[in-house]
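Please read the structure below before turning to the comments.
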Amino acid sequence: MKLKKLIVLLVSVLLVLSLAACGSTTQSSSAQGTHDGDVTKIKVGVTAGPHEEVLEQVKEILKDEGIDVEIVTFTDYVQPNIQLSEGALDANSFQHQPFFDDFVKERNITNLTTIGKTMIFPMGIYSNKIKDMKDLPENGTVSVPNDATNEGRALLLLQSAGVIKLKDDAGLTATPLDIVENPKNIKIVEIDAAQTVRSLEDVDAAAINTNYAVEMGFNPVKDSIFIEGPNSPYANVIAVRKEDADKEVFKKLLEAYHDPRIKEFVDKKYQGSVVMVEE
């Protein structure tokens, strides 16, 4: 009887251990790139508008490489990096390098990096009230994005348009405090980048990122009253976690952005308001 009880006890213990092992086994998260047979699945975050539309084309190209891209769309510039850092995304493609550098520094995010450039979205100044920057009225108002790098970008654009003059050492992260000349006493209104389009009814002009302008039906080349030049330092980049930077799947993601079919799509659809970066 004792031997029989001992055998039953041993079988029970082995069964419990087996079930515990099964329960503790976790599936590979999407944020690590899951595998389904010969298909690798990744989640890539983008903002709505051109970034999403271009990634849709990239997704089609990557299918031939055995890579299935799940597109996650955002309406702000904060969550794509937060979710990438926390593991909910595998990569994102929505921001330029100066924004990325400032974001990770300000939030003390140390596990992200960028792996290459994709395209440039020239920032433009738009208005429902004037047709030319020289018509900006005395004591007028101009809305600009309130994040550090896009605000600096907007102020540099206003300087290029002859509206203001900044300190010589203001750089890419200039703020209104760096304005040293403002002959028309223009008021700078700092708001969230996503709200700059909607601010057009309330201000004389607005500096708007191209992805938001296109999303609202604007053609930056035709509809802006002033637009950034072609030598902008604000090329967009792909960001990943540092541990994933050398993985083949992300190299292929970057390569797909430089496929001639993507350039053809961008040139035809955006007619100069989005420019692909050459490798």
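Taking 0.36 nm per residue of separation and subtracting the current Cα-Cα distance, fully stretching the chain between N128 and K105 would add 4.7 nm.
Mind scanning K131/K263; K43/K252; K105/K165; K59/K268; K129/K268 and naming the pairs with a C-alpha gap bigger than 23 Å? Over 23 Å apart, Cα to Cα: K131/K263; K105/K165; K129/K268. Expressed as an acute angle from 0 to 90° and rounded to the nearest 10, what is the orientation of the C-alpha long axis of helix 260-270 relative to the principal long axis of the chain? Approximately 50 degrees, to the nearest ten. Accessible area of F74 (1.4 Å probe, protein heavy atoms only, ligands and nucleic acids ignored): about 20 Å².
The Cα atoms of segment 123-175 give a gyration tensor whose axes a ≥ b ≥ c have a/c of 1.5 or more with a/b greater than b/c, which makes the shape prolate. Legend: P(r) of the chain from all alpha carbon pair distances, 10 Å bins from 0, whole percents, reading 6, 26, 28, 18, 9, 5, 3, 2, 1, 0, 0.
Net charge dipole, the chain: roughly 1000 debye, given to the nearest 20, about the Cα centre with Cβ charges of +1 for Lys and Arg and -1 for Asp and Glu. The label point for K222 and the one for E278, both projected 7 Å from the Cα toward the Cβ, are 2.8 nm apart. Under 5 Å between amide hydrogens, built in the peptide plane, is the criterion, and for A235 it picks out Q97 among residues at least 5 positions away or on other chains.
Between D246 and K268, the modelled labels are 3.9 nm apart [label points 7 Å from Cα along Cα→Cβ].
Ignoring everything except DSSP H segments at least 4 long, calculate the 222 nm mean residue ellipticity for the chain; use -39,500 (n - 2.57) per segment, divide by total residues, nearest 500. Taken over the chain, the calculation gives -10500 deg cm²/dmol.
Projecting the Cα atoms of N146, S232, I191 onto the charge dipole of segment 143-279, computed from C-beta unit charges around the Cα centre, puts S232 farthest toward the positive end. When the alpha carbon gyration tensor of segment 35-194 is reduced to an equivalent ellipsoid, the three semi-axes, largest first, read 37, 18, 12 Å. Angle of helix 248-257 to the longest C-alpha principal axis of the chain, folded into 0 to 90 degrees and rounded to 10: 30°.
Once the Cα gyration tensor of segment 140-279 is found, what semi-axes does its equivalent ellipsoid get, as square roots of 5 times the eigenvalues, in whole Å, sorted largest first?
31, 19, 14
Each residue, E201 and K165, gets one label point 7 Å from its Cα in the Cβ direction; the gap between the two is 3.8 nm.
Could you do me a favour and compute the accessible area per residue for the chain, 1.4 Å probe, result in Å²?
Value returned for the chain: 52 Å² of accessible area per residue.
Result for the chain in a Gaussian network model with C-alpha springs under 10 Å: among D135, D90, D178, the largest mean-square fluctuation is at D135. Applying the Karplus relation 6.51 cos²θ - 1.76 cosθ + 1.60 with θ = phi - 60° to segment 91-105 yields 3J(HN,Hα) values of 7, 9, 8, 7, 10, 8, 4, x, 5, 4, 4, 5, 4, 5, 5 Hz, where x marks Gly and Pro. With contacts defined as alpha carbon pairs under 8 Å and 6 or more residues apart, what's the relative contact order of the chain in percent? It rounds to 24 percent for the chain. Highest mobility in the GNM of the chain, judged by mean-square fluctuation with C-alpha springs under 10 Å and restricted to V203, V58, V180, is found for V180.
For segment 64-179, carbon and sulfur atoms together expose 45% of the accessible surface, with a 1.4 angstrom probe and every protein chain in place.
The values are calculated or read from the model by the stated rules, or taken from the named source; none is laboratory data. Predicted, not measured: the structure shown is a model, and the values here were computed from it. Ideal geometry is used to build each Cβ from the backbone, glycine not excepted, and the neighbour counts take in all protein chains shown. Accessible surface areas use protein heavy atoms only, side chains included; no ligands, DNA or RNA. Shrake-Rupley method; radii C 1.70, N 1.55, O 1.52, S 1.80 Å.
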